[in-house]
1. Which of the pairs Lys166/Lys394; Lys297/Lys485; Lys49/Lys316; Lys87/Lys118; Lys166/Lys197 have their Cα atoms more than 21 Å apart in this structure?
2. I'd like to know how segment 301-377 sits against the 2.2 N^0.38 Å rule of thumb: what's its Cα Rg over that expected value?
3. Once you compute Rg and the Kirkwood Rh from C-alpha atoms, what is the Rg to Rh ratio for segment 205-264?
4. If you bin every alpha carbon distance in segment 42-230 into 10 Å steps from zero, what whole percent lands in each bin?
5. Give the long-range amide H neighbours of Asp121: residues separated by 5 or more places, or on another chain, with amide H under 5 Å away, using H modelled in the peptide plane at 1.01 Å from N.
6. In whole angstrom, note down how far apart the Cα centers of segment 99-158 and segment 1-73 are.
7. How large is the Kirkwood hydrodynamic radius of segment 184-239, in angstrom, based on all distinct alpha carbon pairs?
8. Where both partners of a DSSP beta bridge lie in the chain, what percent of those bridges are antiparallel, to the nearest 5?
Amino acid sequence: MKSELIVDVQPQEIAIALTEDDRLQEVAREKRDQDNFSVGNIYYGRVKKVMPALNAVFVDVGYEKEAFLHYLDLGSQFRTLQSYVTKAVSDKRRVPLIQKIQRQPEVGKEGQIADILKVGDPILVQVSKEPINTKGPRLTAEISIAGRNIVLIPFADGVMVSQKIKREAERQRLKQLLLSIKPVGFGIIVRTVAEDKRAAELDNELRLLMERWQETVKTLQQREPVSLVNEEMGRTLGIIRDVLNPDFTSIQINDRDMYDEVRHYLELIAPESAKIVKFYQGDQPIFDHFDITRQMKTGLGRTVGFKHGGYLIIDKTEALFSIDVNSGSKKIYEDQEENAFQFNMLAADELVHQLRLRDIGGIIIVDFIDMDTKEHQQQLYDYVRKLMERDRAKHNVLPLSKFGLMQITRQRVRPAVEVQVEETCPTCLGKGKIQPSILFTDQVEEQCAQEYAQHGKGLRLHLHPYVYSYVTRGWYSLKNQWRRKYGVKVVEDQSLGMLETRFIAEK
């Protein structure tokens, strides 16, 4: 499987598309402004409200809505962290050593946040969820500095190895290695990609993360609440850090500064991969050239089709996402039960693809086509779980209920991707909406294939003059392709609407 990352840098935003075998898998957008509250940013904030009923506080970190910090997100070493922050800001001449900070009593899992924090207290926090809908950012006081192979956790202890590393010998090797080189007073999480990595590579990354922690504290000493003290790398570098693997064949970027930044970053974390970064200089927009625009238009609407005429209808509410599975008018099998099962299995593939593509999080309710047999229900459940194993987001899949509904919960750390795929109607000029015009020729070709299957050759396809001029462009035009494949003769017809078609059998 080959993977590619396509980066489209525009004045207002950066859009990143991840493809696997040329199929769009993930889309992310990052606004290029100062109000970008990314997951991983560390802030020196101030407590604005204490909410005993919620056992939480609201913290001012500079966002228009105050950020939310729950008692359970303080972390067991919160008192020690506060003591360290107080010492750091009181003596700005040097960065205090964590090893020399006296450990304070741990924060238990049961307690009241009002006994620990009060209004006006300065506090060091990290964004764990971006602002979503009307809510401000979600915070944690368990600070961490993420790298490609490891995550550094100040004030923690020990080494935790990713459960996705299955070989026990490798788990023990990584644990003993990191225990031998980690500084006192710091904990480490070993990520899945660290499997089989050499000691020198992990040691070098640990040094870089320690430098980032030192820089964070130095910045903290120079700032007053409320301020940003450590900015998580941009979404582009973050995605590269999290998903880069040997399957990557290229990273295409249309901006010279971003190209240089990504190449420099890869030279630090994976020197052997720096050569796959390419600077795109084509005349065509980069997303159009790599077929990203068309795939976004087809894959991000309310209705999404899949094989054999089936389709999903995806609706968003304040509380959850609902996804309805439909088989359309076509049958794969005559037996109703087997037909429902096969369409559900096809729908499962597209369902999991959509969750990842749109980065849908929270509660997802899927209404599959009703099936009577328990065996089919279990097979569908097992298949969805297997497909979800590739998803990097934390998730949980529940078996089908007696109503044929499947409930999925998926980690939500940022708003779901939304792309406006409908376009203003060119006929009524704004009173209505149409499906994306980029898909129109695909739909016409499907009609040609259906008419050819039913009637054979000898058909005339009538099109509006504007559309006719488009499909006849060039020697290898769509008009010539359709004539060779389906025996369809294309003619222009001024009586038709802009996106109207008419097939007539030639005598």
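1. Lys297/Lys485; Lys49/Lys316
2. 1.11
3. Radius of gyration relative to Kirkwood radius: 1.08.
4. Values per bin, smallest distances first: 9, 33, 33, 19, 5.
5. Val47
6. Each part reduced to its Cα centre gives a spacing of 17 Å.
7. Result for segment 184-239, one decimal place: 13.6 Å.
8. Percent antiparallel among DSSP bridges in the chain is about 75.
Values quoted throughout were computed directly from the atomic coordinates according to the rules given, and no laboratory measurement underlies them. This structure is a prediction, so every number in the text was calculated from the model and none was measured. So basically every Cβ, Gly included, is an ideal-geometry build from the backbone, and we count neighbours across all protein chains shown.
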